[in-house]
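Trainee: This structure is in structure tokens; I'll ask about it shortly.
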Amino acid sequence: MKVASQSRHLEVQLLCDQYGNVAALHSRDCSVQRRHQKIIEEGPITVAPLETVKKLEQAARRLAKCVNYVGAATVEYLYSMETGEYYFLELNPRLQV
């Protein structure tokens, strides 16, 4: 197990239809939390390079297509500010607020 210091909680929200079309609605930074509850959600993501944000959105769309997902979804990632790497946390079957 690793310690994830200097990390951010990033999300991409998706809308997917029954024909395989997947749209990334927007991305946001949900790192300000208290007791695992999000307090502030900021969008668009500004803590990662635009290229990385595009990769997050592309990975989220690819995941939704691979599982033939239909509906609204939020894909969550942990982003390391030190290394620039991101890690999949979960896909929630709703738009989180």
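Trainee: Of these, 77, 69, 87, which one is in contact with a Leu (Cβ under 9 Å, 6 or more places away or on another chain) and more than 16 Å from residue 27 (Cα to Cα)?
Mentor: 69
Trainee: Considering only the stretch 1-49, give the strands (runs of 3 or more DSSP E) lying wholly within it that have at least 1 residues that are surrounded by 18 or more Cβ atoms within 10 Å (Cβ to Cβ) and under 16 Å from the mean Cα position of the chain (by Cα).
Mentor: The qualifying strands (runs of 3 or more DSSP E) are 7-16, 22-34.
Trainee: Something else now. Restricting attention to the stretch 83-96, report how many residues are in a loop (DSSP other than H, G, I, E, B) and touching a residue at least 12 places away in the same chain (Cβ under 8 Å).
Mentor: Our first condition is that a residue be in a loop (DSSP other than H, G, I, E, B); within the stretch 83-96, this holds for 83-85, 93-96.
Adding the requirement that they be touching a residue at least 12 places away in the same chain (Cβ under 8 Å) leaves 84, 93-96.
Residues in the stretch 83-96 being in a loop (DSSP other than H, G, I, E, B) and touching a residue at least 12 places away in the same chain (Cβ under 8 Å): 5 in total.
Trainee: Report whether or not residue 72 is farther than 16 Å from residue 96 by Cα, surrounded by 13 or more Cβ atoms within 10 Å (Cβ to Cβ), of a type in the set (Gly, Ala, Ser) and modelled with pLDDT of 95 or more.
Mentor: No; evaluated as a whole, the condition is false for this residue.
Trainee: Read through the list (1) more than 24 Å from residue 83 (Cα to Cα); (2) acidic (Asp, Glu); (3) at pLDDT below 90, then give the number of the only condition that residue 17 fails.
Mentor: Only one criterion is unmet by residue 17, namely (3).
Trainee: Keeping to the stretch 50-82, report how many residues are more than 13 Å from residue 12 (Cα to Cα) and part of a helix (DSSP H, G or I).
Mentor: Qualifying residue count, the stretch 50-82: 4.
Trainee: Just to verify a result, which residue in the stretch 20-58, among those that are β-branched (Val, Ile, Thr) and in contact with a helix residue (DSSP H, G or I) (Cβ under 7 Å, 6 or more places away or on another chain), is modelled with the highest pLDDT?
Mentor: So the residue we want is 22.
The values are calculated or read from the model by the stated rules, or taken from the named source; none is laboratory data. For clarity, every value in this text was computed on a predicted model and none was experimentally measured. Glycine also receives a Cβ, built like all others from the backbone with ideal geometry; neighbour counts cover every protein chain displayed.
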